[in-house]
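Enquirer: Sharing a structure below in structure tokens format, with a few things to ask.
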Amino acid sequence: MKRSTQTFVAITLLGLLSKNALAEIAVIVDSSVSVDSVNVEQLERLYLDKPASIQASTRLTPVDQKKGSPLRKEFAEKVLGKTEAQLSRYWSRLMFSGKGQPPREFDGDAAVIREVTGSPGKVGYIDSAAVTEGTRVILRIP
């Protein structure tokens, strides 16, 4: 009986630790973009190719992390309210009907930072631990 209690406690602690292991997401833009902040709803609309009501000097174009990355899964769930499978189906329907294209994908935080900071109007998301000098954060998602 004591052994099963210890196993239960260990499994519970691992579950709690894995929830805390999720990264804080930093939404970034190039320093030339005139947007100081966005909210999650605006970001969701932007990433789902819907009108987002974001006042900016340039049109914002989202970039995405590579399909299957843990950060992309977390972003999809926290911001878009979808699993990756649901997101794939969403984009398949839009592309088939000719009504939209998914954001271009990049392999990792460094690639997203290079794309966003080198392209006015691009918006992306990275692990907040990867934020570098010159990277402008407009939203942090815990």
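The values are calculated or read from the model by the stated rules, or taken from the named source; none is laboratory data. Quick caveat, the model's predicted, so the values are computed rather than measured. All accessible areas refer to the heavy atoms of the entire protein, side chains included, with ligands and DNA or RNA removed. Shrake-Rupley method; radii C 1.70, N 1.55, O 1.52, S 1.80 Å.
Enquirer: On the protein heavy atoms, probe 1.4 angstrom, tell me the percent of accessible surface of the stretch 65-128 carried by carbon and sulfur. All intermediate terms of the calculation are to be shown ahead of the outcome.
Expert: Working: 1760 of 3410 Å².
Here it works out to 52 percent.
Enquirer: Return, for the Cα atoms of the stretch 25-142, the radius of gyration and Dmax in Å, separated by a comma.
Expert: Over the stretch 25-142's Cα set, Rg and Dmax evaluate to 13.3, 41 Å.
Enquirer: At 1.4 Å probe radius, can you tell me the per residue accessible area of the stretch 58-98 in Å²? Mind showing how you got there, number by number?
Expert: Values: 2320 Å² over 41 residues.
Value returned for the stretch 58-98: 57 Å² of accessible area per residue.
Enquirer: Computed on alpha carbon atoms, what radius of gyration and Dmax characterise the stretch 65-132, expressed in Å?
Expert: When restricted to the Cα atoms of the stretch 65-132, Rg and Dmax are 12.8, 39 Å.
Enquirer: Let me ask something additional. Multiply the residue gap between T132 and S57 by 0.36 nm, knock off their C-alpha separation, and tell me the result in nm, one decimal place. Please list the in-between numbers first.
Expert: Working: separation 75, 0.36 × 75 = 27.00 nm, distance 2.33 nm.
Here the answer is 24.7 nm.
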